[in-house]
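Trainee: Before I ask anything, here is the structure I am working with.
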Amino acid sequence: MSTPSSTDVLVVGAGPAGSAAAAWAARAGLDTVLVDAAVFPRDKTCGDGLTPRAVGELIRLGLEDWLRAHTVNLGLRAHGFGQTLLLPWSAGRPTGSALPDWGSAVARTELDDHLRTTAIKSGALAVDGARAVGVRMDGDRVAAVELKAGGTTREIACRRLVVADGVRSPLGRLLGREWHRDTVYGVAGRAYVASEMSDDPWISSHLELRDEAGTVLSGYGWIFPLGTGEVNIGVGTLATAKRPADIAVKPLMSHYADLRREEFALSGDLRMPTSALLPMGGAVSNVAGRNWALIGDAAACVNPLNGEGIDYGLETGRFVADMLAAQQDLGEAWRATLVEHYGEAFSIARRLAGVATVPQVVAGLGPAGMRSDWLMTLALRWMGNLVDDADRDRAARVWRWAGRRSLARDARPPFS
């Protein structure tokens, strides 16, 4: 489509966060343009898993029937240290929880394309293949974004700007975004491989991740059935500036796949292997200005304990659209919104994940944890983003209590 010269809301980045923001803004009656540097459909490094929290956001967008036509999973099969546990998504959650009791997995090539189509059907104008390369300011406001498509450069003037351009966020950096690696971050790789267990109703996570020498690593491996004859297979490790991840991700992923081939009936070579760095737990500063805001991965809204970010992307897209529809200035109000929803959970999760960057801790505590269904059920609830704002049960109260005390002790709180 031809690129307009101006719009009320400009959303840069058409992943789950950007497409959700564009869909909700357009449904609120705002003139909305959604641009992305890629031409869709396009791939994205991801585990492709959709937790109940992500499913809940997709249902809000009206996509339940579409999602149920894909694979539906019941929960997590956790492996490690000689144990295997089946942990349903509903385990340990209070009666009447607002979150669904099922999850899914959809390849990002398909998921992102469908979410972008949903934004278009909601009234947003989408522009492919246009990279944001510059910003024109008017005082403390963004007046326009410079886009480059092929050999042509032009501006789109905007009243409000939503930055959803992913973990590296080149547009965010132009606006002053800074990623702080003193807190935990992720290094992950994923691929696709044929499997006779592609219709397995459980996603699998191996919490005892070892390298070729047999050394326990601070991370985990996963196998997520896609219902397409393939599974998404990957590995992720945790690191900080003080304890960087000294691994080669793709060889580790191949080693992990070889170990799992018989158990999960994997066949053939790994397809489309990719890797990425993941800022986590709100470990970025300068997330907003008077008329612009970072959302999703660009704002480091990624769970430090499991690498999940799709649910936060969808949520932050909805939250920012609500603020735009209410004609609110962003700036400090947007940062405060992120802290309100995620600050406590990100703070305690970063602290726990930081401890897990020490392999000796994983090797020491892992066996005891895997021997307890109760502890692992709590871990699934906390690590899987399954504490809803409305939950008032003991597990939710303990999580919030720990989060408040962790946040009060942070040298650099999330989003600061």
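Trainee: From the list GLY331, GLY317, which residue is at positive phi and either modelled with pLDDT of 95 or more or in contact with a strand residue (DSSP E or B) (Cβ under 6 Å, 6 or more places away or on another chain) (or both)?
Mentor: Answer to the selection: GLY331.
Trainee: In this structure, is GLY92 in contact (Cβ under 8 Å) with a residue 60 or more places away in the chain, under 25 Å from PRO273 (Cα atoms) and touching a helix residue (DSSP H, G or I) at 6+ places or on another chain (Cβ under 6 Å)?
Mentor: Judged against the criteria, GLY92 is not a match.
Trainee: If you don't mind, another one. Filter the range 183-240 down to the residues that are of a type in the set (A, V, I, L, M, F, W, C), within 12 Å of PHE264 (Cα to Cα) and open to solvent by less than 10 Å² (accessible area, probe 1.4 Å) and list them by number.
Mentor: VAL193, ILE223, VAL231, ILE233 - these are the residues of the range 183-240 that are of a type in the set (A, V, I, L, M, F, W, C), within 12 Å of PHE264 (Cα to Cα) and open to solvent by less than 10 Å² (accessible area, probe 1.4 Å).
Trainee: Moving on. Going by the conditions given, is VAL39 touching a residue at least 60 places away in the same chain (Cβ under 8 Å), in the same structural domain as PHE319 (by the TED database) and over 24 Å from PHE224 (Cα atoms)?
Mentor: Judged against the criteria, VAL39 is a match.
Trainee: Taking MET370 as the residue in question, decide whether it is touching a strand residue (DSSP E or B) at 6+ places or on another chain (Cβ under 6 Å), over 25 Å from ASN286 (Cα atoms) and at pLDDT 80 or above.
Mentor: No: the conditions fail for MET370.
Trainee: Which members of the range 387-411 meet the condition of being farther than 22 Å from HIS180 by Cβ, of a type in the set (Gly, Ala, Ser) and surrounded by fewer than 15 Cβ atoms within 10 Å (Cβ to Cβ)?
Mentor: Hit for the range 387-411 is ALA390, nothing else.
Trainee: Considering each of ASP43, ASP36, ASP31 in turn, give the residue that is over 21 Å from the mean Cα position of the chain (by Cα) and acidic (Asp, Glu).
Mentor: Exactly one of ASP43, ASP36, ASP31 is over 21 Å from the mean Cα position of the chain (by Cα) and acidic (Asp, Glu), namely ASP31.
Trainee: For the range 105-123, check the following and say yes or no: at least one residue is surrounded by fewer than 18 Cβ atoms within 10 Å (Cβ to Cβ) and small (Gly, Ala, Ser).
Mentor: Yes, the range 105-123 contains a residue that is surrounded by fewer than 18 Cβ atoms within 10 Å (Cβ to Cβ) and small (Gly, Ala, Ser).
Trainee: Now a separate question. Can you confirm whether LEU58 is in the same structural domain as ASP165 (by the TED database), farther than 26 Å from ALA326 by Cβ and either out of contact with any Pro (no Cβ under 8 Å at 6 or more places or on another chain) or not small (Gly, Ala, Ser) (or both)?
Mentor: Taking the combined requirement at face value, the residue does not satisfy it.
Trainee: Given the options ALA54, ALA38, name the one that is modelled with pLDDT of 95 or more, under 22 Å from TYR192 (Cα atoms) and surrounded by fewer than 23 Cβ atoms within 10 Å (Cβ to Cβ).
Mentor: None of the others qualify; the one that does is ALA38.
Trainee: Quick check on my filter: what residues within the range 324-338 are in a helix (DSSP H, G or I), open to solvent by 30 Å² or more (accessible area, probe 1.4 Å) and aliphatic (A, V, I, L, M)?
Mentor: Matches in the range 324-338: ALA325, ALA333, ALA336.
Trainee: Residues in the range 94-110 that are part of a loop (DSSP other than H, G, I, E, B) and either more than 21 Å from the chain's Cα centre (by Cα) or closer than 21 Å to TYR192 by Cα (or both): how many?
Mentor: 6
Trainee: A follow-up question, please. List pairs: first residue in the range 99-122 and touching a residue at least 12 places away in the same chain (Cβ under 8 Å), second residue basic (Lys, Arg) anywhere in the structure, Cβ distance under 7 angstrom, at least six positions apart or on different chains.
Mentor: LEU99/ARG53; ARG108/LYS44; THR109/ARG42; ASP112/LYS44; SER122/ARG27
Trainee: Within the range 83-107, can you find the residues that are out of contact with any Asp or Glu (no Cβ under 9 Å at 6 or more places or on another chain) and of a type in the set (D, E, K, R)?
Mentor: ASP101
Trainee: Failed condition for ALA91, given (1) over 20 Å from the mean Cα position of the chain (by Cα); (2) farther than 29 Å from ALA325 by Cβ; (3) open to solvent by less than 10 Å² (accessible area, probe 1.4 Å), with all others met?
Mentor: Of the numbered conditions (1) over 20 Å from the mean Cα position of the chain (by Cα); (2) farther than 29 Å from ALA325 by Cβ; (3) open to solvent by less than 10 Å² (accessible area, probe 1.4 Å), the odd one out for ALA91 is (3).
Trainee: Given ALA257, ALA298, which one is in contact (Cβ under 8 Å) with a residue 60 or more places away in the chain, touching a helix residue (DSSP H, G or I) at 6+ places or on another chain (Cβ under 6 Å) and in a helix (DSSP H, G or I)?
Mentor: Unique residue meeting the criteria: ALA298.
Trainee: Additional query: Being of a type in the set (Asp, Glu) and open to solvent by 80 Å² or more (accessible area, probe 1.4 Å) is the filter here, so list the residues in the range 130-174 that pass it.
Mentor: ASP138, ASP140
Trainee: Using the structure shown, decide if ALA321 is open to solvent by less than 10 Å² (accessible area, probe 1.4 Å), more than 30 Å from THR228 (Cβ to Cβ), outside the structural domain of LEU175 (by the TED database) and part of a helix (DSSP H, G or I).
Mentor: No.
Trainee: Something else about it: Going through the range 29-77 one residue at a time, which ones are in a loop (DSSP other than H, G, I, E, B), among the aliphatic types (A, V, I, L, M) and over 20 Å from ILE233 (Cβ atoms)?
Mentor: LEU30, ALA37, ALA38, VAL39, LEU61, LEU63, ALA69
The values are calculated or read from the model by the stated rules, or taken from the named source; none is laboratory data. Predicted model, so just to flag it, every value in this text is computed and none were measured. Cβ sites come from the backbone with ideal geometry, for glycine too, and all protein chains shown count toward neighbours. Surface accessibility is based on the protein's heavy atoms, side chains included, excluding ligands, DNA and RNA. Shrake-Rupley method; radii C 1.70, N 1.55, O 1.52, S 1.80 Å.
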